[in-house]
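Every number here is computed from the coordinates shown, using simple stated rules; none is lab data. Just so it is clear, the model here is predicted, and its values are computed rather than measured. Every residue, glycine among them, receives a Cβ derived from its backbone with ideal geometry; neighbour counts consider all protein chains shown.
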Number of protein chains: 2
Amino acid sequence: MPSLPVTPPDAMEPAARAQLLDAVRFDHAGLVACIAQQHDTGEVLMMAWMNRAALAETLATGRVTYWSRSRGALWRKGESSGQVQKLVDLRLDCDGDALLALVDQTGVACHTGRRSCFFRALREGELAEITAPEVAPEALYGR
Amino acid sequence: MPSLPVTPPDAMEPAARAQLLDAVRFDHAGLVACIAQQHDTGEVLMMAWMNRAALAETLATGRVTYWSRSRGALWRKGESSGQVQKLVDLRLDCDGDALLALVDQTGVACHTGRRSCFFRALREGELAEITAPEVAPEALYGR
């Protein structure tokens, strides 16, 4: 994988970060959807949520941090599993209610051990798992 | 662009469609986020919302239909602009609350005339538009 800076240069400037934060239209729960895409292969890895604090931390550190709705806490991707996402570029959509994070994903993005969370689709007349886990979930979380 | 069937063969089977519909965890508003990705280039085009009826229609017709939250109505992508999305494959994520639609996008996906809605990012210390419109919005909607 190419060597990338952990923190994108543009994100180092507090004024720039504030400009992006202010352009996001967070929903009634204070959240915005964020799609993570592997920057070089184009693979869509996952979709999760950010609140303002998660987005600010992502921009400040260059490491993708979400808001876990189930845990009600910041979720520094990879903090349990080691499968971190380095931020390569962050893009905001036309109406400000969705983010696209181009990332460099270490290992797998999905808690099931698959590279991408989007592994279910219709095949041969039924809902099937179209990729197999690359690593066992126990290997990710059982440490 | 490759020639693709308008309706994916697997989606023709009502039982398969029902299985997928039942696996989706719609939110409290009855909606699920759907990411549209150009199937061959990998470009993430947009993110929008589907309710159960929109998803059922998408699967039945092979043409992507969303739910417009602003209009409170089904939004058959391209019905005003001609910029339709043919469904190539539809994938559901691990926890059932996000869809990834691989599509063949006619023209541009964004109402601003850009191919992708994700055209804003930090550049040189400020939030910038990183792509220019390919067509004028008036040409899309002024008919």
- Note on the structure: Computed from the beta carbon distance with a Förster radius of 30 Å, FRET efficiency for A:Glu43 and A:Ser68 to the nearest 0.05 stands at 0.85
- Three-way shape label, segment B:15-143, alpha-carbon gyration tensor, a/c 1.5: prolate
- Item | Calculated from backbone phi, Karplus (6.51, -1.76, 1.60) coupling profile of segment A:68-81 in Hz, x at Gly/Pro | 7, 5, 6, 8, x, 8, 4, 10, 7, 3, x, 5, 8, 9
- Can you give the convex hull volume of the alpha carbon atoms of the protein assembly as shown per residue, in Å³? 139 Å³
- Do any GluC sites (Glu not before Pro) in segment A:85-143 lie in a DSSP loop with no more than 11 other beta carbon atoms within 10 Å, and if so, which? A:Glu124
- Note on the structure: In the protein assembly as shown the DSSP beta bridges are antiparallel at a rate, in percent to nearest 5, of 80 percent
- Message: Give me the one-decimal nm value for the distance between modelled label points at A:Ile130 and B:Tyr141, 7 Å along each residue's Cα-to-Cβ direction.
- Response: 3.2 nm
- Query: Between A:Arg123 and A:Ala53, 0.36 nm times their residue separation minus their Cα-Cα distance comes to what?
  - Reply: 21.2 nm
- Message: Tell me whether segment A:88-143 comes out rounded, prolate or oblate; compute the Cα gyration tensor, take square roots of the eigenvalues as a ≥ b ≥ c, and use a/c under 1.5 as the rounded threshold.
- Response: oblate
- Item | chain A: angle of helix A:52-61 to the longest principal axis, Cα-based, in degrees nearest 10 | 90 degrees
- Label spacing, shortest first and in nm, from B:Glu13 to its equivalents in the remaining copies (7 angstrom along Cα→Cβ): 5.5
- Distance from segment B:10-49 to segment A:109-143 (C-alpha centre basis), Å: 17 Å
- Query: Angle between the Cα long axis of helix B:14-23 and the longest principal axis of chain B, 0 to 90 degrees, nearest 10?
  - Reply: 70 degrees
